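The values are calculated or read from the model by the stated rules, or taken from the named source; none is laboratory data. What you see is a predicted model, and the numbers here were worked out from it, not measured in a lab. Cβ atoms come from the backbone with ideal geometry, glycine included; neighbour counts cover every protein chain shown. The protein model used for the area step is the full one, side chains on, heavy atoms only, and it has no ligands, DNA or RNA in it. Shrake-Rupley method; radii C 1.70, N 1.55, O 1.52, S 1.80 Å.
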Amino acid sequence: MNSFELYFRLGLEHILDIHGYDHILFVLALCAVFIPRDWRKVVILVTAFTIGHSLTLALATFRLISINSDLIEFLIPVTIAITAFITILRPKPASGKGLSINYVFALFFGLIHGLGFSIYLRSLLGKEASIWQPLLAFNLGLELGQLVIVGIFLLATSILVGLAGVSRKEWTLVVASMVFGVALMLMLEAKYW
């Protein structure tokens, strides 16, 4: 297995790892208001998160920024809780062509999530002669993993809202409320306290 494939797989596994479900929760909180026909908006949303995540991951990997890891481990569930709470308050996507608050959350909160994995990735990349290609491969794997999560979520939404007749608003509120509850538990468990 070449280096690109190794880091691509690492990025994919990072986002799909059930033990590291914080990213999955965040993506669900971001996408809870959307239905399958909104797939373009969702792809842009997920890509905005990846851009934010990639930026701070690169900055931290190159040691241009450094932040207390306990603080980051606390802030990650805070970002999830805020996103889920806003979704509970506004369980429908913003109408119009303006910039949705979800895109801002995706980009800004992606910055925080990127810092969460940077220490581990930096230790892996320490052996590499050039870290640009592994960093790119990791982030592409991350993007694909997020799209898999979103695809599964939109499929479930399609089945429940489209076929089973569940109210779109109720589905959104249930998903956002569950994510909010788990995020609160993660905040309370954080070492930052």
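With the simple model of a label 7 Å out from the Cα in the direction of the Cβ, LEU55 to ARG168 spans 3.1 nm.
For the chain, what % of the accessible area comes from carbon and sulfur atoms, probe 1.4 Å? Taking all protein chains in place, the chain shows 69 percent carbon and sulfur surface. Of the trypsin sites (Lys or Arg not before Pro) found in the range 1-89, those that fall in a DSSP loop while having at most 16 other beta-carbon atoms within 10 Å are ARG63.
When only alpha carbons are used to place a centre, the range 1-24 and the range 118-186 end up 11 Å from one another.
Remark: spin-label model distance ILE159-HIS19 equals 2.8 nm, labels positioned 7 Å along the Cα→Cβ axis.
How about the range 128-193: which trypsin sites (Lys or Arg not before Pro) there are in a DSSP loop, with at most 12 other Cβ atoms within 10 Å of their Cβ?
Working: sites: ARG168, LYS169, LYS191; in loops: LYS191.
Hits after loop and neighbour filter: LYS191.
For the chain, the membrane-span-like helices by this rule, meaning whole DSSP H stretches whose C-alpha atoms cover at least 15 Å of axis and whose Kyte-Doolittle mean is -1.0 or above, are 3-16, 39-61, 69-89, 101-125, 132-157, 168-189; this says nothing about an actual membrane.
Label-to-label distance, ASN68 versus LEU136, with points set 7 angstrom from Cα along the beta-carbon direction: 3.7 nm. Candidate values [x] 1.22; [y] 1.03; [z] 1.11 were compared with Cα Rg over 2.2 N^0.38 Å computed on the shown model; the agreeing label is [y]. Solvent-accessible surface of the range 3-190, taken per residue with a 1.4 Å probe and all protein chains present: 50 Å².
Restricting the range 1-83 to chymotrypsin sites (Phe, Trp or Tyr not before Pro) that sit in a DSSP loop and have at most 16 other Cβ atoms within 10 Å of their own Cβ leaves TYR21, PHE62.
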